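A.B. asks: My questions will all concern the structure given below.
FYI, it's all coordinate maths here, none of it is from the lab. Treat the numbers as computed from the prediction; the structure is a model and nothing was measured. Backbone-built Cβ (ideal geometry, glycine too); neighbour counts: all protein chains shown.
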Amino acid sequence: MNDIGAELAEICDAAAALILPLWRTGLAVAQKADESPVTEADRQGEALILKALAERFPDIPVVSEEDASEFGAPEAIGPRFFLVDPLDGTKAFVRGDPHFTVNIGLIQDGRPVAGAVASPPSGEVWYTQGGQAMKRLQGVPARPVRARPWPDGAALALLSHTMKPETADKLAQEYGFHLREPMDSSIKLCRIAEGMADIYPRHGPTMEWDTAAGHAVLAAAGGRLTTPEGQPFLYGKAHEGFRNGWFVARGA
């Protein structure tokens, strides 16, 4: 029942096809209560995903970003539920940058057990299937991907686009990486999952729907996402409004 990553990938694909024509079209940008941006692409993508999940998995509840922003996150959630971010990286989307993604993750007992992430600009889709992580491009058959071992002297960190240089320097000393590249959205987790980068330390706020799908893909690829102390990174924190604490994502 947890091996539904390919189905989630199909839904992410459909949402990506809806969102992509709206990119770089000058969509109006509104501000949510937390002052983060939202566009019609976010709303249309979420509506498509929620409809598809309700049709395919009617018994599994969904916690989604825009619905939670407008109506409030649920105050309690069961052990099995979906986390949806229809457009992670809205700021990048608004700037015209290509690093934004569509995300659906399935949580079971606090852990991500299936997920899919789509990158509308590149046509890439990563998803879980059969205990491994898969990647496909439009028109190209899917293939397994794996996180790579830590490359001594050449470890690449993916860092938030807005991170200050002094903060990045401090993280480099703390975690021992040598190279760095700015990047938005959950695509950072997928790049680590496919062995293109090595670490993503996040010492700042995120929400559970930002990370669940990418976390599932990374774990299936042999990587890990933990607290900075190395403890399991859990989901379903309804009492905290589904807010994440700090985390570190690493390759193999």
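A.B. asks: Any chance you could run the full-extension gain for Val140 through Arg111? It's 0.36 nm times the residue separation minus the Cα-Cα distance, nm to one decimal. Write out the running numbers ahead of the final one.
C.D. replies: Working: separation 29, 0.36 × 29 = 10.44 nm, distance 3.04 nm.
Result for the pair: 7.4 nm of gain on full extension.
A.B. asks: Here is a follow-up. In the range 45-65, whose amide N lies under 11 Å from the spot 7 Å out along Cα-to-Cβ of Met1? List them in ranges.
C.D. replies: 59-60
A.B. asks: Further question: Evaluate the relative contact order of the range 79-126 (contact order divided by residue number), counting alpha-carbon pairs under 8 angstrom at least 6 apart; express in whole percent. Please report the intermediate quantities before stating the final value.
C.D. replies: Details: 86 pairs, mean separation 15.9, N = 48.
About 33 percent, as a whole number.
A.B. asks: Over the chain, what relative contact order in percent results from Cα pairs under 8 Å that are six or more residues apart? Spell out each step's value before the answer.
C.D. replies: Details: 575 pairs, mean separation 50.4, N = 252.
Answer for the chain is 20 percent.
A.B. asks: I'm checking a number: the convex hull volume of the Cα atoms of the range 130-174, normalised per residue, in Å³. What is it? Working shown, then result.
C.D. replies: Values: hull volume 6.6 nm³, N = 45.
In the range 130-174, the Cα hull volume divided by residue count equals 146 Å³.
A.B. asks: Of the residues Val217, Val29, Val63, which exhibits the maximal mean-square fluctuation in a Gaussian network model of the chain defined by a 10 Å Cα contact cut-off?
C.D. replies: Val29
A.B. asks: Relative contact order for the range 156-250: what is it in percent, counting Cα pairs under 8 Å that are at least 6 residues apart?
C.D. replies: Values: 141 pairs, mean separation 28.2, N = 95.
It comes to 30 percent, rounded to a whole number.
A.B. asks: If you wrap a convex hull around the C-alpha atoms of the chain and split its volume per residue, what is the figure in Å³?
C.D. replies: Values: hull volume 30.1 nm³, N = 252.
Convex hull of Cα atoms, per residue: 119 Å³.
A.B. asks: Divide, for the range 210-252, the radius of gyration over alpha carbons by 2.2 N^0.38 Å, where N is the residue count. Write down the numbers at each step before the final one.
C.D. replies: Working: Rg = 10.5 Å, N = 43, 2.2 N^0.38 = 9.2 Å.
Its radius of gyration relative to the 2.2 N^0.38 Å reference: 1.14.
A.B. asks: Just going by the charge dipole of the range 5-145, with Lys and Arg at +1 and Asp and Glu at -1 on Cβ, which of Ala15, Thr128, Pro37 is farthest out on the positive end?
C.D. replies: Thr128
A.B. asks: Let me ask something else about it. Pick from Asp42, Asp34, Asp198: which residue has the top mean-square fluctuation in a GNM of the chain where Cα pairs under 10 Å get a spring?
C.D. replies: The residue with the greatest mean-square fluctuation here is Asp34.
A.B. asks: Give the longest segment of the chain that steers clear of GluC sites (Glu not before Pro) in DSSP loops with at most 15 neighbouring Cβ atoms within 10 Å, not counting the sites themselves.
C.D. replies: Working: sites that count: Glu35, Glu75, Glu229.
With a cap of 15 other Cβ atoms within 10 Å, the longest stretch comes to 76-228.
A.B. asks: Enter the per residue convex hull volume of the range 25-156, computed from alpha-carbon coordinates, in Å³ rounded to the nearest integer. Spell out each step's value before the answer.
C.D. replies: Details: hull volume 22.8 nm³, N = 132.
In the range 25-156, the Cα convex hull volume per residue is 173 Å³.
A.B. asks: OK, next. Go ahead and set up a Gaussian network model of the chain, Cα springs under 10 Å, then flag whichever of Val84, Val145, Val38 fluctuates most.
C.D. replies: Comparing Val84, Val145, Val38 in the GNM, the peak value goes to Val38.
A.B. asks: In square nanometres and to one decimal, what's the mean projected area of the convex hull around the Cα atoms of the range 8-68? Don't jump to the answer; show the numbers that get you there.
C.D. replies: On the way: hull surface 17.9 nm².
Spelled out: convex hull of the Cα atoms, projected over all directions, averaged, 4.5 nm².
A.B. asks: Loop sites only, by DSSP: take the trypsin sites (Lys or Arg not before Pro) in the chain that have at most 16 other C-beta atoms within 10 Å and name the longest stretch containing none of them. Each step should come with its number before you reach the end.
C.D. replies: Working: sites that count: Arg24, Lys32, Arg146, Lys237.
Longest stretch, sites excluded: 33-145.
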